[in-house]
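First the structure, in the form of structure tokens, and then the observations on it.
Read-outs throughout are calculated quantities, based only on the coordinates presented, and are distinct from any laboratory measurement. Just so it is clear, the structure is predicted and the values come from calculations on it, not from any experiment. No Cβ is skipped: glycine too gets one built from the backbone with ideal geometry, and neighbour counts run over all protein chains shown.
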Ligand code: FE2
């Protein structure tokens with residue numbers, strides 16, 4: 001049983017004008033799909049060929065299989081990223097995550113600064129994350145396919161800072177992309193659901 005490319009949780013043009021249908025066409029249809037295809041090639045005929053993406057990612061990490069980890073983690077990270085955005089997202093948080101951000105960062109503004117700083121200082125390709133670590137929210141960054149999933153932390157939100165996430169819409173202006181993510185796209189309903197499930 002192979003893993004499958006999940007559908008986007010919204011229409012391809014739903015995040016415009018911030019992230020274009022063209023970007024999502026390549027990012028989801030080509031990049032994410034290629035990770036799924038390569039992951040399936042690597043697990044075919046192995047004891048992981050009916051495992052979930054999360055199980056494959058953790059197993060590859062545990063046995064130091066970097067090649068498989070890169071593909072599986074990128075499948076998982078991208079699915080989590082699509083859900084970290086919403087056409088009606090952005091702005092200050094609401095619900096339990098709002099209280100928790102205030103408790104653990106001091107204010108929403110301090111969280112936003114830390115999150116943007118994580119994205120800006122991730123040299124080259126990688127991800128910025130809001131995670132729950134030992135009951136406390138934290139911001140971190142991971143290079144390449146890195147994911148907090150294998151570090152015993154609970155991912156709450158992620159932002160892809162690979163160039164393929166923003167180059168067609170923002171060219172080299174990663175800070176502008178990160179600003180749009182926070183102001184217009186970040187999905188606090190997803191964050192609240194992840195916090196509740198933790
Ligand atoms: Fe990506």
| note | Summing -39500 (n - 2.57) over every DSSP H run of at least 4 residues in the chain and dividing by its residue count gives a helix-only mean residue ellipticity at 222 nm, to the nearest 500 deg cm²/dmol, of -13500 deg cm²/dmol
| remark: Expressed in nanometres to one decimal, the distance between label points 7 Å along Cα→Cβ at residue 41 and residue 4 is 2.2
| message | Restricting to Cα pairs below 8 Å that are 6+ residues apart, what does the relative contact order work out to for region 21-83? Please round to a whole percent. | response | 37
| Degrees separating the helix 108-121 axis from the principal Cα axis of the chain, which is the longest one | 40
| query | Given the C-alpha centroids of region 151-168 and region 47-78, what is the distance between them in whole angstrom? | reply | 17
| field | Virtual spin-label span in nm between residue 172 and residue 14, 7 Å along Cα→Cβ | value | 3.4
| note | One point scatterer per Cα, no solvent, Debye formula: log10 I(q)/I(0) for the chain at q = 0.09, 0.10, 0.14, 0.16 Å⁻¹ comes out as -0.32, -0.39, -0.79, -1.03
| said: Under a crude label model (7 Å from the Cα following the beta-carbon direction), how far is residue 34 from residue 107 in nanometres? | reply: 4.3
| task | Write down the radius of gyration of region 96-197 and its Dmax, each obtained from C-alpha positions, in Å. | result | 13.1, 38
| remark: Listed with the fewest Cβ neighbours within 10 Å leading, 168, 185, 24 appear as 168, 185, 24
| note | To the nearest 10 degrees, the tilt of helix 96-105 (Cα long axis) against the first principal axis of the alpha carbons of the chain is 80
| Nearest-ten-degree value, helix 66-83 long axis tilted from longest Cα axis of the chain | 40
